[in-house]
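Written below as structure tokens is the structure these notes are about.
Values in this text are rule-based calculations from the coordinates and carry no lab data. As the structure is a computational prediction, the values presented were derived from the model and not from experiment. Note that each Cβ is placed from the backbone with ideal geometry, even for glycine, and that neighbours are counted across all protein chains shown.
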């Protein structure tokens, strides 16, 4: 299969070619590797190559909707037994997984050929992908810009045409943010629909889930069909779709009532391009017959940001402590920013953590009230166009101060210095819209409906009520037909393959 043909097919289409005997899994794998060799030096998306595993698997008879389709795992909690998994952390470099994760096994059962793992920030802790261990991943649309995070490696690989769909996960926007940065579809399923076994049950207090980033809505729908359903480690059994999501994708979603907002307390004012992205989507939705109107944000997003980071920092503290125990790693095994977050996590009391977790009911109540009047909430996915690589680096003076406080175990001073507010502003200020869906456990999707005058993707987000994955996907399919995006590939990377 030549590069042009390979780039024109989504994952399901490639699987159909294999099923009909028109191409082999080995030929698709060769095409993916050729594309990767051409673009990988520029984007730095793949951190681990699994060549022996891929060659062996591509030579086997495979079945499933994605039989023979080249695929990349995210290097974070997506384990393939016997293969390296680092979580972007120096202390875990070279560690090999003992067991295969449930979601990875389900992808394998669907027929994919895994040939590598994609880069992620350390422990997935940022909306950018710039780990010290592997270096920064770059956006194929503009190599000076971030592809987002924490699934930035996967998003860059899909956007650059290495694979049509890749593994991702989302604890605070980590599927939707990179999808919005790179012109892809990114669906975060509702809480508990996708399992995390066998090693975990409900990580990050239930905020996180696994999924994919893709170029087509039908790949995203089919992949959720593959992943959905509890395993032995699931804390509860969620209600599953009555029929495969893919089967109902082309059914019209009906006339929807959609409220949109670009307001955000974490920014002085919405970025003009973020406003234009939402206004563009609202106009398209109106043309399609939906009722669209501007609304006020349904929740206190500044308080939600603080509560989200409280949970996140405590999670980081536990993660760092666990890895220290298991590996004997010292400070040099972790990035300074991670150590700062862990120190902040240790500074919170159990009462503060519980209060942050219990305030979820306020956000759930506010969103439920909104959904009693509107089918969907429309917002920007990003607070501004993809930011430049390196722009969120912790300033040198703050790193020096933090190192002193970390060594002297006086990190409580960091909170008194207002470091939490600074982290809220810096790290959530450019991606302030995505955490709501994680904290409330509601499904949300980012769609690539807009590009800036400079040609940068800038996705928009739809947040649904409980069990609205099917509605989100059917609307996404309607929009994809009305304003196709799947064949767009970044010009600098396409030029590399010409």
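Rg/Rh for the stretch 310-372 stands at 1.19; both radii use Cα atoms, and Rh follows the Kirkwood definition. Taking all Cα pairs closer than 8 Å and separated by 6 or more residues, the relative contact order of the chain comes to 17 percent.
With neighbours defined as other Cβ atoms within 10 Å of a residue's Cβ, the residues 126, 74 order from fewest to most as 126, 74. At q = 0.15, 0.16, 0.18, 0.19 Å⁻¹, what log₁₀ I(q)/I(0) does the stretch 279-430 have when each alpha carbon counts as one equal point scatterer in the Debye sum? One equal scatterer on each Cα of the stretch 279-430 leads to -0.92, -1.00, -1.14, -1.22. Of 6, 450, 374, 433, the sequence from fewest to most neighbouring Cβ atoms within 10 angstrom is 374, 6, 450, 433.
With bins 20 Å wide beginning at 0, the percent of Cα pairs of the chain falling in each bin runs 25, 60, 14, 0. Helical content alone sets the calculated 222 nm signal of the chain at -12000 deg cm²/dmol, taking -39,500 (n - 2.57) per DSSP H segment of four or more residues and averaging over every residue.
Based on DSSP, what percent of beta bridges with both residues in the chain are antiparallel, to the nearest 5? Looking only at bridges with both residues in the chain, the antiparallel portion is about 70 percent.
The alpha carbon gyration tensor of the stretch 77-184 gives principal lengths a ≥ b ≥ c with a/c of 1.5 or higher and a/b no greater than b/c, which makes the shape oblate. Just round it to a whole percent: the fraction of Cα-Cα distances in the stretch 166-236 exceeding 14 Å. Percentage above 14 Å: 56. Over all directions, the average projected area of the alpha-carbon convex hull for the stretch 174-317 comes to how many nm²? With every direction weighted equally, the projected area is 10.7 nm².
Only Cα pairs under 8 Å and at least 6 apart count here; give the relative contact order of the stretch 1-152 as a rounded whole percent.
Relative contact order of the stretch 1-152: 24 percent.
Expressed in Å, the radius of gyration and Dmax of the Cα atoms of the stretch 274-331 are 21.3, 60. Peptides 24-34, 142-152 ordered by packing proxy, namely the average of other Cβ atoms within 10 Å per residue, highest first: 142-152, 24-34.
The three principal axes of the Cα atoms in the stretch 87-135 give end-to-end lengths of 33, 23, 18 Å, sorted in falling order.
Between residue 143 and residue 286, the contour length at 0.36 nm per residue exceeds the Cα-Cα span by 48.0 nm. Over the stretch 29-68, all Cα pairs binned in 10 Å intervals from 0 give whole-percent P(r) values of 24, 49, 25, 3, listed from short to long.
Two numbers describe the Cα atoms of the stretch 356-406: Rg and Dmax, which are 19.2, 52 Å. Comparing the stretch 18-87 with the 2.2 N^0.38 Å rule of thumb, its C-alpha radius of gyration ratio is 1.19 (two decimals). Model label points for residue 416 and residue 52, set 7 angstrom from Cα along the Cα-to-Cβ axis, are 5.5 nm apart.
From most to least packed by mean Cβ count within 10 Å, the peptides 219-227, 263-271, 156-164 give 156-164, 219-227, 263-271.
Neighbour counts of other Cβ atoms within 10 Å put 86, 201, 169, 174 in the fewest-to-most order 201, 86, 169, 174.
Three principal axis extents describe the C-alpha atoms of the stretch 17-161; from largest down they are 42, 35, 21 Å.
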